[in-house]
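Trainee: Pasting a structure here, questions to come.
Nothing in this text is a laboratory measurement; each read-out follows from the coordinates by a stated rule. In this text, all values refer to a predicted model and were calculated from it rather than measured experimentally. Reconstructed Cβ throughout: ideal geometry from the backbone, glycine too, with neighbour counts over all protein chains shown.
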Amino acid sequence: MGTISDKLTYLNGTKTAIKNAIIEKGGTVGNNDTFRSYANKIRSLPSGQANLQNKVVNPSIQQQVISADIGYDGLNQVTISAVTSAIDNNIQANNIKKNVSILGVTGTLEASTGGVKLFETVDEMQQDETAQDDDIAIILGERMYNCCEDSFFSSVVFPKEVEFSDSVSLDFFTAFHPKSVDMGSCEINVTWNGMEITFDVNDGDTEESILYVSSDGCHYVRDDSIDDDITINFSSKICHDNLFYWDDKLGNFMQLNGKSFEGVYKYSSEGGYEPLETQLDATVDDVESAKVFYGKYGVQTGMASTEKFVIPASADSNRCPLILRAGTSLNLDLFDFSNATTLARMCQENQELTDITFTPNTNLSRCVNLDSAFSYCPLNKESIKKVIEMCCIVNNDGYVSTKRLNRICNCSSSVISEIQAEEPELINEFSSLGWAFN
């Protein structure tokens, strides 16, 4: 067993080991505590319970490993603080899409369409603090607008009152129907009789009449006890029936809700946002050289060396003479001759028409007379070819008093000979339909 000194050394080592074990379990042992007092200290230790820590941790964009601090057996509860915009310096209003909120920060960044800023109103656009030179802005807002002749809609609002600046008193009937019979029985029949307008409405399930009356033709009031607007929702979309008359004033009584295009603007540091010319179907070949416009393919600069003019579908030269402006070379798009008695006075004398395009359509039956259409306008050979093609399509004695080409345009025999050599089939068709050149 060794000497007494060895036994005392061993006993002292045992005392130290027990002291350290008590401290590790959360107890306290002073340097002057007796060995015998260790028994009570052991009895005062928690029986079978771990010493666990509650901890609060701040969030981070980096991975974190959470562990107990020294002196604890483990973690009892870990609380993660709420994430705020402070977690990332990139969370700024000008980096977030407008009206979108991320971690309490509401964005101000304007949405764009292919690099073009989109606004709902002109006022909103003018408050754009991020605008830079050459920025393009489109105004496209959600708003109520008047029904027009080509509107296609499934909901319409009838306002309580309609105001005109001048007295309006009309007499006509018109109607709105689905585009095809298999789209349902919805309809609106409109009777404007002096200063009374009746809308007989069938929404597909029920029928009702809406009446507007006026004493002076300026102020029309809906004749019912309802103070608010009346909204009618149809089971299918309807549009104006083009077999009936249309007047734009009618749209004041029929309000539609949807996106309304208000224009395109370009920004400069000197003048702010200024409107751009808008030609939504135009390409660079349709707009004169160097002119900036917003067309079929967005913002572009015109490249055309000549201007192009269109005779409107409802054109009547007796009411709108000299519709074409002065110039040495013009492109004329004759897409519709409806209601036109002659085109002669629409073209100023000695203006050469270098390129004529003609597209037949369903309104040709309404054409009255093509006599002298181009009598005052020198035509080049290609344009005369187009006129001959037009004559072959408009093959009816009702369109000209005599089926002779020289009643429509001036053309020399030498030009006709050249066309005959280049387009023999066209000339044969022209002649077989009873047309003559002189």
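Trainee: Name the residues whose placed amide hydrogens come within less than 5 Å of the amide hydrogen of Gly141, ignoring near sequence neighbours (fewer than 5 apart) on the same chain.
Mentor: The answer is Ser260, Glu262.
Trainee: Now for a different question. Pull up the cross-link candidates among the lysines for Lys385, meaning alpha carbon to alpha carbon under 21 Å and not fewer than 8 places away within one chain.
Mentor: Here the lysines satisfying the reach criterion relative to Lys385 are Lys308, Lys403.
Trainee: With charges set only on the Cβ (+1 for Lys and Arg, -1 for Asp and Glu), what does the dipole of the range 4-78 come to about its Cα centre, in debye to the nearest 20?
Mentor: Details: 8 positive and 5 negative charges, 61 e Å.
Rounded to the nearest 20 debye, it is 300 debye.
Trainee: Say the dipole of the range 1-149 comes from +1 at the beta carbon of Lys and Arg and -1 at that of Asp and Glu; which of Leu11, Ala82, Ile23 then lies farthest toward its positive end?
Mentor: Toward the positive end, the furthest listed residue is Leu11.
Trainee: Still on this structure, I have one more. State the extension gain, in nm to one decimal, for the chain segment bounded by Tyr72 and Ser37, taking 0.36 nm per residue of separation less the distance between their alpha-carbons. Provide the component values of the computation, followed by the final result.
Mentor: Working: separation 35, 0.36 × 35 = 12.60 nm, distance 2.48 nm.
Length gained, Tyr72 through Ser37: 10.1 nm.
Trainee: Continuing with the same structure: How much length is gained on full extension from Glu429 to Asp223, taking 0.36 nm per residue of separation minus their Cα-Cα distance? Numbers along the way, then the final one.
Mentor: Working: separation 206, 0.36 × 206 = 74.16 nm, distance 6.17 nm.
Full-extension gain reported as 68.0 nm.
Trainee: Here's something else I'd like to know. Over the alpha carbons of the range 151-253, what is the largest minus smallest coordinate on each principal axis, giving the biggest first in Å?
Mentor: So the three principal-axis extents are 42, 30, 18 Å.
Trainee: I need the phi-derived Karplus couplings for the range 215-227: 6.51 cos²θ - 1.76 cosθ + 1.60, θ = phi - 60°, integer Hz, Gly and Pro marked x.
Mentor: Values, residue by residue: 9, 10, x, 9, 10, 9, 10, 5, 8, 7, 8, 8, 7 Hz.
Trainee: How much net charge surrounds Thr106 when only the other residues with a Cβ under 11 Å from the Cβ of Thr106 are counted, with Lys and Arg +1 and Asp and Glu -1?
Mentor: Neighbourhood net charge equals +2.
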